[in-house]
Amino acid sequence: MKQIQLILCGLLLFVILIGTWALISALQVTIIASPPSTKALPAAHSAQTKTPMVNETDLSLIHLSSKDSPLSSSPRGPAISDITEGDVYIPPIVQSPPQSNTSYSGDLDDHQSYNAYLLAKEHALKHEFIAAVDKKVARINNLLERGVQANLPSEQLQEARDKIAALKTMKAQLIKELDSVRVDN
């Protein structure tokens, strides 16, 4: 019995060593195989300033379309000094306010109550979308005007117009749905 325990402990130790060796070798392969661009990139902005720094390669990518090639003789875009803080969109990074308990707290056997809870969540989501559409449309309109001034291809300008139209259509549809629910109640 003692010999069996020693054999099993030795086997367990062997399996642990093999597993550790395999894990270490896998990590080394991953580190060696990763491209150098993923290692310690310099920060895009300093900790003391709130405005991001934009390098010239980022600007050249902004103005390239699918038809343009890097070898074309078209201008590369505005110089770094031409970019203002309003040109670069930085989404707000704020912690959302703590919400009250959004999970259902009623009896799961009460189907009507649970369906009313789901309906209220759906209505809240639709109201949030409706409220966000105006800001997004204003942002896309601003980009569209800048695209017209920059003589972007008509396909890209039409894509922006289509997005604006789709957002407005969806907003109208959601308003209509919410109004019909209010009339029914």
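Every read-out reported here was derived from the displayed coordinates using simple, explicitly stated rules and does not represent laboratory data. Computed from a prediction, not measured in an experiment: that's the story for all the values here. A quick note on method: Cβ atoms are made from the backbone with ideal geometry, for glycine too, and the neighbour counts reach across all protein chains shown.
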Original post:
Hey, with R₀ at 25 Å, roughly what FRET efficiency would ALA138 and GLN173 work out to, going by the Cβ-Cβ distance, to 0.05?
Top reply: 0.80
Original post:
So how far apart, in nm, are the two label points at SER113 and GLU155 if each is 7 Å from Cα heading toward Cβ?
Top reply: 5.7 nm
Original post:
Full extension from ALA124 to GLU145: what is 0.36 nm times the residue separation minus their Cα-Cα distance, to one decimal in nm?
Top reply: 4.3 nm
**OP:** Mind giving me the nanometre distance, one decimal, between the label points for ILE18 and TYR89, set 7 Å out from Cα along Cα→Cβ?
**Re:** 5.4 nm
